[in-house]
Amino acid sequence: MTWAPLRRPKGVPLSLRWLHITVADAIAWGCRRLSLGRTALEPKAALGARPEPMSVGLRHRVPAVHWLVRGMLDAVPHAEAPERAAR
């Protein structure tokens, strides 16, 4: 018996199959938003994903740490999603 996500056409990377399964599950469950992380922009853009500003929920006993983390997070650049033709 082969687990369903592992049954994939030859030449389709497993990571791409997982991405499609995750998006399909989110749609089936009625999710309004899905966070896919900041890597592999091209395959996600092909599914209509767009990058959004990141945020971090953090509480530290030293307030200066909040300032440092916010500064580091703002310094992380992200590429804009490539424009895709409507199908």
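Set side by side, the residues Trp18, Trp29 differ, and just one is modelled with pLDDT of 80 or more, surrounded by 10 or more Cβ atoms within 10 Å (Cβ to Cβ) and among the aromatic types (Phe, Trp, Tyr), which is Trp18. When segment 38-50 is examined, which residues are found to be loosely packed, with under 10 Cβ neighbours inside 10 Å and closer than 20 Å to Pro13 by Cβ? Residue satisfying the conditions is Thr39 alone.
To keep it simple, each residue is scored yes or no on (1) part of a loop (DSSP other than H, G, I, E, B); (2) modelled with pLDDT of 85 or more; (3) under 21 Å from Leu16 (Cβ atoms).
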| site | (1), (2), (3) |
| --- | --- |
| Leu36 | yes, yes, yes |
| Pro43 | no, yes, yes |
| Glu52 | yes, no, no |
| His60 | yes, no, no |
| His66 | no, no, no |
| Arg70 | no, no, no |
| Leu73 | no, no, no |
| Ala81 | yes, no, yes |
| Arg84 | yes, no, yes |
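Does segment 20-34 hold any residues that are in a helix (DSSP H, G or I) and of a type in the set (A, V, I, L, M), and which are they? Of everything in segment 20-34, those that are in a helix (DSSP H, G or I) and of a type in the set (A, V, I, L, M) turn out to be Ile21, Val23, Ala24, Ala26, Ile27, Ala28. Using the structure shown, decide if Pro9 is at pLDDT below 75 and either in a loop (DSSP other than H, G, I, E, B) or hydroxyl-bearing (Ser, Thr, Tyr) (or both). Yes, satisfied.
The values are calculated or read from the model by the stated rules, or taken from the named source; none is laboratory data. Everything numeric in this text was worked out from a predicted model, so none of it was measured. So basically every Cβ, Gly included, is an ideal-geometry build from the backbone, and we count neighbours across all protein chains shown.
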